[in-house]
Structure formats: C-alpha cells, structure tokens
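What follows is a set of notes on a single structure, which appears directly below.
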Amino acid sequence: MDTTKGWGIVDTANELTQDLLHELFEYRDGVLYWKVAKAKRIKAGDAAGCLNATGYLCTRINEKKYRNHRIIFLMHYGYLPQFLDHIDGNRLNNRIENLRPATLGENSRNARIGKRNTSGFKGVSWSTSAKKWQAQLMINRKAKYLGVFKTVEEAAEAVKKAREELHGEFARHE
C-alpha cells in the first residue's frame with residue numbers, strides 16, 4: 001500500500017532505496033546533508049544525524065532510525081550488506097572509502113582492544129599458572145592458543161603474526 005511520508009515522497013515498501021536516499025540527502029566527505037526540510041528545526045542543508053548510545057550517527061527516515069554509515073553505503077552502492085565495517089575502527093568516520101561489507105566474524109576481527117585488557121596488547125594476557133605471558137586469538141569463534149612467552153612483547157609479536165596470517169585485511173593490532 002502506498003503511503004506518503006511527510007516529504008511528498010512515496011515509499012511503497014517502507015524500505016530505503018537508493019533513489020529515496022538521493023532525494024533526501026547530499027553526501028559530502030562522510031557527512032549526510034538534508035536536501036529537504038524535515039521539520040521546523042531541521043532545514044535543507046543541515047547535517048543529518050544524532051549520536052546514539054553506542055557511538056554511531058543515526059538519522060530518522062519515515063519514523064525509523066538508520067545508522068548514517070548504512071545510509072551512505074546504500075546511496076553509493078545500491079545494496080546493503082548485513083554487516084558493514086569501519087576500516088579505521090572510528091564509528092564517526094563515515095567516508096565511503098572507510099566503509100566495507102563484512103561478515104560478523106570479519107567485523108569482530110577488526111575490533112579495537114578491549115577496555116578490560118591489562119597487557120596493552122590484543123590477544124595477550126598473563127597466565128598465573130605458567131607465570132608467563134599467554135598469546136591467543138579468536139578464529140571462527142574458537143580460541144587459537146599460540147603459547148606462553150617470557151615477555152609481553154614476544155607474546156604480542158606472536159599474536160600479531162598469527163593475526164595477519166589468519167585475519168588478513170581485517171587484522172587490527174591495537
């Protein structure tokens with residue numbers, strides 16, 4: 001059923017389309033700008049999006065919130081993969097050259113170092129039983145144990161080499 005959604009634009013499937021997005025937005029260097037006045041407080045030419053609780057810019061279209069990086073990717077490529085990855089890990093860097101389709105696993109491999117990490121290196125932790133630094137990484141949801149090392153730097157180097165080999169372009173070391 002066709003419904004008009006306030007901007008004089010008919011969106012029959014209540015889904016985003018490349019054409020709809022090009023009618024609503026202009027893209028410049030990672031930022032979306034409204035081409036139409038959305039409300040009294042949002043004018044044509046205003047930057048689109050508000051920061052959500054998880055650190056992504058989101059924009060409301062037809063009463064539904066969408067992450068800006070997903071809008072930008074759809075505008076450029078005409079399709080939307082299930083997962084998108086910010087290559088540099090910065091959720092606010094929505095330049096098209098910083099976005100790539102990814103699987104959930106690939107997206108996870110490109111994650112930053114965890115907040116609870118105490119070694120300073122991804123994949124490296126202290127083994128109390130061995131009294132050495134332990135190195136491991138995840139591949140296909142399984143831990144791959146790389147051994148224990150006398151120094152944190154040796155463990156970090158072992159993880160780095162394995163990560164580059166197993167994670168390829170999605171390897172992130174920090």
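Please tell me if Glu106 is among the acidic types (Asp, Glu) and in contact (Cβ under 8 Å) with a residue 40 or more places away in the chain. Here the answer is yes, as Glu106 does meet what is asked. For segment 125-144, the candidate set comprises residues that are among the aliphatic types (A, V, I, L, M) and under 25 Å from Thr103 (Cβ atoms); within that set, the residue that is modelled with the highest pLDDT is Ala135. Would you check if Ile42 is in contact with a Phe, Trp or Tyr (Cβ under 8 Å, 6 or more places away or on another chain) and at pLDDT below 95? Judged against the criteria, Ile42 is a match. Note on segment 56-174: enclosed helices (runs of 4 or more DSSP H) holding 3 or more residues that are charged (D, E, K, R) are 152-167. The condition (being in contact with a strand residue (DSSP E or B) (Cβ under 8 Å, 6 or more places away or on another chain), basic (Lys, Arg), free of Cβ contacts under 8 Å to residues at least 24 places away in the same chain and loosely packed, with under 14 Cβ neighbours inside 10 Å) is satisfied by just one residue among Lys35, Lys65: Lys65. Taking each residue of segment 75-92 that is closer than 13 Å to Asn107 by Cβ and looking for partners that are assigned to a helix (DSSP H, G or I) and among the basic types (Lys, Arg) with beta-carbon atoms closer than 8 Å, six or more apart or interchain, yields Leu84/Arg70.
Note on segment 38-51: residues that are surrounded by 13 or more Cβ atoms within 10 Å (Cβ to Cβ) and on the phi < 0 side of the Ramachandran plot amount to 5.
The values are calculated or read from the model by the stated rules, or taken from the named source; none is laboratory data. Since we're looking at a predicted model, the values are computed, not measured. We place every Cβ from the backbone using ideal geometry, glycine too, and count neighbours over all the protein chains shown.
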